[in-house]
1. State, in angstrom, two size descriptors of region 209-292 derived from its alpha carbons: Rg to one decimal place and Dmax to the nearest whole number.
2. If contacts are Cα pairs under 8 angstrom and at least 6 residues apart, what is the relative contact order of the chain in percent?
3. Would you mind ranking 121, 172, 177 by Cβ crowding within 10 Å, fewest neighbours first?
4. Rounded to the nearest 500, what is the 222 nm mean residue ellipticity of the chain from helices alone, with -39500 (n - 2.57) per DSSP H run of 4+ residues and division by all residues?
5. Quote to one decimal, in nm, the extra length available between residue 390 and residue 245 on full extension: 0.36 nm per residue of separation minus the C-alpha distance between them.
6. At what distance in nm do the modelled label points of residue 321 and residue 569 sit from each other, each positioned 7 Å from its Cα along Cα→Cβ?
7. By average Cβ neighbour count within 10 Å, what is the ranking of 9-22, 352-365 from highest down?
8. With r as the distance between the Cβ atoms of residue 220 and residue 539 and R0 = 45 Å, compute the FRET efficiency 1/(1 + (r/R0)^6) and round to 0.05.
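FYI, it's all coordinate maths here, none of it is from the lab. None of these values were measured; they are calculated from a predicted model. Glycine gets a Cβ as well: all are built from the backbone with ideal geometry, and neighbour counts include every protein chain shown.
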Ligand code: SF4
């Protein structure tokens, strides 16, 4: 088979047939396809438009935009939505375009999940690499963050092979599954233990597990001695973080935490899987550190059955080690990860008026949509939105460009999944015809670069050599230079035309800096010093969990899920307030949620309850753990 079709609406990249049904031969999605994929594309943009909806030709749009870009260079920014990140050609063309312009303001939502992980792994392993959870072989799995089944999105829904394999392992290998979240997972009958965790306290949950494991000596001393450094320092630094203190912050009992820690340490292969939302709190980076440290004390780091490095279809190691965040440009002291800043920093950059022009490809996450952001975007000299559908962004854009839907372009996905044990280098085929006037994002950028005709180099944080290379790449189609690059590597890769699945990673792959994993990188002290500990507030006694920004999940009515003890009736309209704002929403009652928790649906109004703050080490927006009240 030369080509395969993938849905590229979300990270699951399910294999689809021509009639949108799931492709049963796909080894990961196993015939699954979700309702998101079936939704019709409404309000399709078909022709370039100027401000106020006036239609124009591509030539007029590209020339008009490039004239303004020249004027505002280098105070321009790019925002790349997640659908751009799932297309290697569109992503690399964007990075080449941004660097050649000399701007460091390349924002994306890749950081919502992987940014803090890449950052902390870089400090502890020595280079940034997305470590995968080997969920299909582990003996003890602790799942944190959102339930993909409830989200109706993601790679880990029931019916997909991950869910099936985990259930199979439970039966055959007696694998134990623990979930820790603000409400039980929808498949709670398939888990052995659920802990109702206060939203936003996930890092303290892991800190508590770590502390009790160290105190009770539930650690693998030989692994710590032979493969790590800095353990003693960590023992000292964690002294103030007693099990009891961590458990109280999480709203759990100490014995609940110590029970999980004991079983985690005793399992032959164990892992903690940080699901969607895990990093969207005030201490996400510390959570990432504790996650890595727990796998290190139990000898489950960088090994099958635990968390491990998957080479992917192409071993990205040489590329990744060339992009350490130490030398990367910074925004607000947060280093760019894989040449991108987290979307959480977009608002602060706009607030400081560092941008005059912004090019947006796709949609911003729902949780960013606020009146404050709208006003900041309107104040820009140039706002260009390339999208396949109309939205609040296209309403305020100076130029709207019709962009290809993910199914209307062919792609090679260099790293198909960063959350499943898959090695793949798949081509995916253009699934349906491109509407007459729409273009893929990489082509739009290439044409803008051609209109811009850059000459000379002013200094930038990327350095002259890097910019020179980027300029050459930006002038050509990334589709062709990726293929040529892979041809050059053909000695080292198996460039099979379709899928190449391999559940095993290379067991001999072990390449941390100095052959040791570092428990106590310099960043750790700062993470602990600047830890934000939730304090009980009588004026805001509840904890808010704003819905994870799922693609296309916009709900029509704002709703919140609360416990019946609040004496509210189902469907009653109530006010939810935080120190930053107040909104009105309809009540859904559930005895399964914590009594001190308010969970929102995916409606943009809830962003008014957030202050637009981001986690200081990763730049991720903070969506979980804001203190609130209901009236
Ligand atoms: S889970 Fe994601 S990739 Fe799979 S069909 Fe749904 S939207 Fe597409």
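1. Just the Cα atoms of region 209-292 yield Rg and Dmax of 13.3, 36 Å.
2. Numbers: 1367 pairs, mean separation 141.4, N = 631.
22 percent.
3. Working: 121 26, 172 8, 177 22.
Neighbour counts put them in this order, fewest first: 172, 177, 121.
4. On the way: 21 runs with 196 residues, N = 631.
The per-residue figure over the chain is -9000 deg cm²/dmol.
5. Working: separation 145, 0.36 × 145 = 52.20 nm, distance 4.86 nm.
Here the segment from residue 390 to residue 245 would lengthen by 47.3 nm.
6. Placing both labels 7 Å beyond Cα along the Cβ direction yields 6.7 nm.
7. On the way: 9-22: 18.9, 352-365: 20.8.
By packing density, highest mean first, the sequence is 352-365, 9-22.
8. On the way: r = 46 Å, r/R0 = 1.02.
Efficiency computed from Cβ-Cβ geometry: 0.45.
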